[in-house]
Every structure is written in structure tokens, then in C-alpha cells.
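What follows is a short report on a single structure.
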Amino acid sequence: MIDAGLPIRAFFTTRDGGVSAPPYDSLNLAVHVGDEPHAVATNRARVADAAGAPVSYLTAAHGIAVARVDAPGQVPSTADALVTAVPGAAVAAIAADCVPVLILDEATGAVAAVHAGREGLFAGVIDAAIAEMLDLRRGRRAQGRMRASIGPAICGLCYEVPEDMRARVASRHPVAFASTRAGTPALDLPRAIETRLSDLGAERVVRSDECTAESSRLFSHRRDGVTGRFAGVAVCE
């Protein structure tokens, strides 16, 4: 587990500590990648033990849909961000190169787990998640800071993309413009997300410097093709 650096129970899993067989070894948390269902269930139970709470996992659609979790362990609708203000509920975003983001609103205690890929970032998934959390304040003048943690993801030196794709994303998020070590077009999604969170009022943003494509302890779809998924998990306390 990688501590998320938030003042709540929040962490990012690695690929260690589970029961899945190769190529999903070993703590795969995704049900859609071809792994044995009983292995995924066992892995998710271990993560729930680590969280000390039932965990609701998002099902990503690479868009901006946000779903609220209204009870611990609730199975949410398809969405790229989950938000809850229910004590004892935990939300999780799965990824394997895309960016898992955990957000805490200290004013309400609400937490969010966001799957921020290239298309979701471009469409505004970070904005949508923050808007949902602000809505939970119900218009009151609430004291408290927004904090966020950006988990491991593919870095700007590894995420090679076509030139037109880089230009499109950078037209909305200029700091996403990057180049690989070979000088080819690339995108730096974690940097763009960090900047956007700050723009939207997050007063403290913690960012992992671990690249999924470079680290053998993390799942990477771009590196491995068929593989598992890790998760960012946040518990509403």
C-alpha cells in the first residue's frame, strides 16, 4: 500500500498482496479484465480489511459522470468519480496508467475517488467531482480546505501520443504538453491534474512521482497489455 498523504484513511494499492495468477498477479481489483471472479473478490476483501470499511469501486466510462455513494458498500452506477459523505463508506478508483485521484473536503468530511484519463480530464471530470463535493455543502458558508492526492500514473516521459492528440489536450490544459525522452509528443496528465485541482481551490495537493509504466510493482496497461488494475481508496470518517 502507498499512503495517500491525506488526514484520513486513504491509500493506493500496488500489485502485491493478492491471490490473482499471472498476468493479473497479484492484487488485481478489476472485474472486467478477464481475471477469475473469485480471485478479484478475495483481493477486494483484503482491500476492505485494509480500509476498515466496505469499498465501493467505480466503473469508469472515460467521461465526467459522478455518482454518490449513499451507504457503505453500495454498488454505484457507471461513473468516473464517486463521492460520499457517509461515515464508514469508502470509495475507490481503479487504474493502470490513467490517474487515480482522491479528494477530501475538510468542511464536510466528504471524500471522492476519481478516474482521470485523457478523455475524462479533457471533458472536465476533475471539475465535475469538485462541483459535486461543493454541492454537499448545500450552499452554506463552510470552513475547511479541499485536499487532494494524485496517485501513480503513466508519466509525461512515457505517455507517447500522436501530435494532434497532444495539441487537443494541451489546448485546454497547456501544462499537459510534454515530450518523451526520445523527443516524441507526449502528455503529462498528472501535472495537468495537479494544476487543475489548484485552480479549483484545492489548498494542498500531494502527487506521487511513481510512473506505472516504469514501476514493476504497479499495473500498466500500456506496458503489459493484458494486466490487472490497482486502486486509490478513500474512507469517509
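Couple of notes before you dig in:
- Residue within the stretch 57-67 that is in a strand (DSSP E or B), of a type in the set (Gly, Ala, Ser) and over 19 Å from residue 149 (Cα atoms) present: yes
Conditions tested, residue by residue: (1) at positive phi; (2) crowded, with 17+ Cβ neighbours inside 10 Å; (3) part of a loop (DSSP other than H, G, I, E, B); (4) out of contact with any strand residue (DSSP E or B) (no Cβ under 9 Å at 6 or more places or on another chain).
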site	(1), (2), (3), (4)
18	no, yes, yes, yes
34	yes, no, yes, yes
83	no, yes, no, no
103	no, yes, no, no
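- Any hit, the stretch 37-44, residues being of a type in the set (Ser, Thr, Tyr) and in a helix (DSSP H, G or I): yes
- Count of the stretch 105-132 residues which are β-branched (Val, Ile, Thr) and either modelled with pLDDT under 95 or outside any strand (DSSP E or B) (or both): 4
- So residue 127, is it among the acidic types (Asp, Glu), touching a Leu at 6+ places or on another chain (Cβ under 9 Å) and in contact (Cβ under 8 Å) with a residue 60 or more places away in the chain: yes
- Tallying residues that are within 14 Å of the chain's Cα centre (by Cα) and either part of a loop (DSSP other than H, G, I, E, B) or without any contact (Cβ under 8 Å) to a residue 12 or more places away in the chain (or both) within the stretch 188-209 yields 1.
The values are calculated or read from the model by the stated rules, or taken from the named source; none is laboratory data. Quantities reported herein were computed from a predicted structural model and do not represent experimental measurements. Please note: Cβ atoms are built from the backbone with ideal geometry, for glycine as well, and neighbour counts cover all protein chains shown.
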